[in-house]
Each structure stands twice: as C-alpha cells, then as structure tokens.
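Asker: Can you keep this structure in mind? I'll have questions shortly.
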Amino acid sequence: MEQKIRQQETERLKSWKVSEEKYRSVEERKSLLRNLCELFEVEGIDKAQILEALANERFSDFEDCLQMECTIAFRADYIVTRNCDDFKGSRIPCIEPEEFCKLI
C-alpha cells in the first residue's frame with residue numbers, strides 16, 4: 001500500500017488510521033507511520049471534537065466515534081479502515097484502504 005500511496009501526487013490526507021497490523025513487528029509499524037507522516041500532514045484534535053464524540057449515542061466505541069467526529073471537523077471525504085462495521089452509525093462514508101487507493 002505504501003508504494004501505491006507514494007506514486008500518487010496527494011499531499012495531504014485529512015483523516016487516516018493505520019489499522020492494527022498484527023503480522024508486522026513493532027519496528028515495521030513504526031516505520032510505516034514515519035513514512036506516512038512524511039507523505040501526509042497529520043491533523044490534531046480539540047476539545048469540541050472530544051465533547052461531540054462523548055455526546056454521540058450512535059457509537060458504542062468512543063475511539064471510533066472520535067475518529068468520525070474528527071473526520072467531520074477536517075471535512076474529510078471518507079473514514080479509511082479495514083473495519084467499516086464499526087462505522088455503520090457514521091455520517092461520513094467508510095471505505096477500506098484498498099478502495100481508497102483506487103480513488104487517489
């Protein structure tokens with residue numbers, strides 16, 4: 001996936017979550033994150049997004065809800081994850097990484 005991303009001219013990714021990749025070592029995952037940070041700008045989070053996520057009752061998992069709220073705040077087009085089932089209550093469409101790579 002890194003190779004495909006590197007081939008694109010995309011300069012900024014508004015919302016990205018690197019899924020748990022159990023088949024990779026800790027060092028490999030750190031290396032992947034470093035590479036992604038070189039390719040994309042990383043957005044922050046503020047109190048408003050945390051409070052919105054806490055108030056949202058459509059999600060049972062706070063982290064997933066927080067990701068959705070951040071995606072909205074950053075005006076991202078998609079939530080990219082291998083676990084779209086967790087985002088059925090999302091107001092932002094959820095797509096898998098492979099599908100995202102086809103779009104960029």
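The values are calculated or read from the model by the stated rules, or taken from the named source; none is laboratory data. Fair warning: this is a prediction, and the values are worked out from it, not measured in the lab. Methodologically, a virtual Cβ is constructed for each residue, glycine included, from the backbone with ideal geometry; neighbour enumeration extends over all protein chains shown.
Asker: Quick one: count up the residues across segment 23-34 that are of a type in the set (S, T, N, Q) and under 15 Å from the mean Cα position of the chain (by Cα).
Answerer: Residues that pass the stated criteria total 0.
Asker: Looking at (1) modelled with pLDDT of 85 or more; (2) in contact with a Pro (Cβ under 9 Å, 6 or more places away or on another chain), find the lone condition where S19 falls short.
Answerer: Among (1) modelled with pLDDT of 85 or more; (2) in contact with a Pro (Cβ under 9 Å, 6 or more places away or on another chain), the lone unmet condition for S19 is (1).
Asker: Under 16 Å from the mean Cα position of the chain (by Cα) and at pLDDT 80 or above, is that true of I5? Talk me through it step by step, then tell me what you get.
Answerer: Numbers: under 16 Å from the mean Cα position of the chain (by Cα): yes; at pLDDT 80 or above: no.
For I5, the condition - under 16 Å from the mean Cα position of the chain (by Cα) and at pLDDT 80 or above - is not met.
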